[in-house]
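*Asks:* Quick one: the structure is below, and I'll ask about it shortly.
The values are calculated or read from the model by the stated rules, or taken from the named source; none is laboratory data. Just so you know, these numbers come straight off a predicted model, no measurement behind them. Because the Cβ atoms are built from the backbone with ideal geometry, glycine has one as well, and the counts that use them run over all protein chains shown. The accessibility values were calculated without ligands, DNA or RNA, using every heavy atom of the protein model including side chains. Shrake-Rupley method; radii C 1.70, N 1.55, O 1.52, S 1.80 Å.
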Amino acid sequence: MKVLEIKDLRLKLLRRSGRELAGDNPYVIRCGPYEELVISQPDQIHDFYQGDYKRHGKPQNFNFGELFGRFMGTAVGLRYGEDWRKIRKHFDPPFAFHAVAQRTPRFQREIGLWIRELAQDSKEGVSDVAVGESFRFLVLRLLAVHLYQDAFDDRLYWQLLELSESHDHVVHALMTCKGHDSKIWSKFPTSTRRLLDRFLNGWKDLNREVIGNAREGKWECPLEITARGFVESDDMTEEEFLSTLGEILFANVDVSASVLSTTFRNLAKNTKIQDELRAEITQCKSDADFDMSKYLTNSKTLLHRVTMESMRLAPAFWFSMPETTAEDKTIGGFAIPANTTVIIDNQRLNEGSVTWGSDGDQFRPDRFLEVSPQAQRCGFMRFGTGAASGRCLGKNAADVVFKLTTIAVVERFQMETLIHDGNDKAQSKRGVPDVRFIEN
Ligand code: HEM
């Protein structure tokens, strides 16, 4: 097995070096005391989950050290086995399909308001928009509306925005500091530790206040019900509740913004697909029996293919979070001992020619008419992959919200691209307008 010593953590560089070193075979990356096996091909994903998937573990704090552990270590995404099941039991209900579907009218209203604001500064119906920035917090707002329900108001939304910023500062500080995995360093009153304490205290105070108010006022508030998991039963701690809620609201801001901006940038570049989508929406809505829920869940629509294609090109993470095998097994022809930490190169998987053909890096939604669901199972990292395909807690909410937002935008605007140098990701990061929205 080939081993890559990591000195530079830039993911693009890591991916290229890995490919040069091992081709399509699995390889090991070594960073200080940690070793992780990197896999990227569908047959390797199959082998990895085969037989022991339910007993897979996760390295403590994802090998990011004690401070990261205080920050996110008790969130559901970092847990496994019985600890994972106990937390999911309390968080699954508001994310179940029906709970999310019931919220559709409210989501539509909020999305309508968001888009109206976007068009407010338009000149004669034309606005040049940096889509990554403009849609960045829409999903955070919709999730907060959904989870806090009657307890949600604009004041809470602004407090969440502030906390989201402070969450990002902590992530940045933890990822860039050199001694992050040193036990001694984590005890020192460093600026990272101060940032972390400020975030954790602010997050706890806000939720205690909101949930207390909801309880006193007997408001409808799904989160108040979830919070009973640590008040009335002892199978979830308050810390687990708060870190999981932080993972849900804050860790998905950029993930979701990236999917939406991939959709709008590519529809702007592909006016034919955009027009076909607009025609499909108009046609469906003109049907006397039109049912929005059925349209949203119909996997045969262009809307579905556009959403899938955007998620294929904008996977949640470029590399999956580390997960450990439970038993000795063979992965991609190599003997891998139990307890090996494995990560998946999601971009290589999602664009790989084995599943997606030679144009896997291009936006072409109709490819989903060609690639069988069986091939997608281990060849596509969407809300998980292989045996873990649907593990994402927010999958129903994300799917509904992406589709409703796409419908609302396409119905109201024609989109044109403002990107001419092909470097679209870099442009939108700087907040440079990349899509022209023209009111219909
Ligand atoms: C509504 C927004 C979203 C929320 C609230 C959400 C929430 C979560 C949570 C809590 C987890 C950890 C689940 C667990 O381990 O039990 C998770 C995992 C994950 N989510 Fe999401 N997510 C959202 C959007 C997305 C999107 C848009 C994508 C894809 C582009 C995505 C892909 C994933 C993946 C790949 C995992 C890891 C699954 C695994 O461990 O195998 N999520 N998500």
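*Asks:* Would a scan of segment 396-413 turn up a residue that is at pLDDT 95 or above, open to solvent by 20 Å² or more (accessible area, probe 1.4 Å), within 9 Å of the ligand (Cβ to nearest atom) and not small (Gly, Ala, Ser)?
*Replies:* Yes, there is a match, as at least one residue in segment 396-413 is at pLDDT 95 or above, open to solvent by 20 Å² or more (accessible area, probe 1.4 Å), within 9 Å of the ligand (Cβ to nearest atom) and not small (Gly, Ala, Ser).
*Asks:* Let me ask something else. Output the qualifying pairs, or none if there are none: Cβ atoms under 7 angstrom, residues six or more apart or on different chains, first residue in segment 311-324 and part of a loop (DSSP other than H, G, I, E, B), second residue of a type in the set (D, E, K, R) and within 9 Å of the ligand (Cβ to nearest atom).
*Replies:* PRO322/LYS58
*Asks:* Inside segment 418-438, can you point out the residues that are modelled with pLDDT of 95 or more and open to solvent by 30 Å² or more (accessible area, probe 1.4 Å)?
*Replies:* ARG436, ILE438
*Asks:* Report, ordered by the first and then the second residue, all pairs with beta carbons closer than 7 Å, sequence separation of six or more or different chains, a first member in segment 352-373 that is hydroxyl-bearing (Ser, Thr, Tyr), and a second member that is buried (at least 18 other Cβ atoms within 10 Å of the Cβ) and assigned to a helix (DSSP H, G or I).
*Replies:* THR355/PRO42; THR355/GLY379
*Asks:* Just need a number here: residues in segment 169-183 that are modelled with pLDDT under 70 and either of a type outside the set (D, E, K, R) or surrounded by 15 or more Cβ atoms within 10 Å (Cβ to Cβ) (or both).
*Replies:* 4
Table: residues versus (1) open to solvent by 50 Å² or more (accessible area, probe 1.4 Å); (2) more than 30 Å from LYS54 (Cα to Cα); (3) away from the ligand (no atom under 13 Å from the Cβ); (4) out of contact with any Asp or Glu (no Cβ under 6 Å at 6 or more places or on another chain).
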{"position": "LYS89", "(1), (2), (3), (4)": "yes, no, no, yes"}
{"position": "ARG103", "(1), (2), (3), (4)": "no, yes, no, yes"}
{"position": "GLY125", "(1), (2), (3), (4)": "no, yes, yes, no"}
{"position": "VAL129", "(1), (2), (3), (4)": "no, yes, yes, yes"}
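*Asks:* Do we have ALA227 as surrounded by fewer than 20 Cβ atoms within 10 Å (Cβ to Cβ) and either outside any loop (DSSP other than H, G, I, E, B) or within 16 Å of the ligand (Cβ to nearest atom) (or both) here?
*Replies:* In short, no.
*Asks:* Of the residues that make up segment 341-354, is at least one more than 12 Å from the ligand (Cβ to nearest atom), in contact with a Phe, Trp or Tyr (Cβ under 7 Å, 6 or more places away or on another chain) and open to solvent by less than 30 Å² (accessible area, probe 1.4 Å)?
*Replies:* For segment 341-354, residues more than 12 Å from the ligand (Cβ to nearest atom), in contact with a Phe, Trp or Tyr (Cβ under 7 Å, 6 or more places away or on another chain) and open to solvent by less than 30 Å² (accessible area, probe 1.4 Å): present.
*Asks:* Exactly one of (1) within 10 Å of the ligand (Cβ to nearest atom); (2) touching an Asp or Glu at 6+ places or on another chain (Cβ under 9 Å); (3) of a type outside the set (D, E, K, R); (4) open to solvent by less than 10 Å² (accessible area, probe 1.4 Å) is unmet by CYS221. Its number?
*Replies:* CYS221 satisfies all of (1) within 10 Å of the ligand (Cβ to nearest atom); (2) touching an Asp or Glu at 6+ places or on another chain (Cβ under 9 Å); (3) of a type outside the set (D, E, K, R); (4) open to solvent by less than 10 Å² (accessible area, probe 1.4 Å) except (1).
*Asks:* Turning to a different aspect of this structure: Given (1) under 27 Å from THR226 (Cβ atoms); (2) under 22 Å from the mean Cα position of the chain (by Cα); (3) open to solvent by 10 Å² or more (accessible area, probe 1.4 Å), where does PHE135 come up short, assuming only one miss?
*Replies:* The one condition PHE135 does not meet is (3).
*Asks:* Looking only at segment 308-332, count every residue that is more than 10 Å from the ligand (Cβ to nearest atom), of a type in the set (D, E, K, R), open to solvent by less than 40 Å² (accessible area, probe 1.4 Å) and closer than 25 Å to GLY23 by Cβ and tell me the total.
*Replies:* Of the residues in segment 308-332, 1 are more than 10 Å from the ligand (Cβ to nearest atom), of a type in the set (D, E, K, R), open to solvent by less than 40 Å² (accessible area, probe 1.4 Å) and closer than 25 Å to GLY23 by Cβ.
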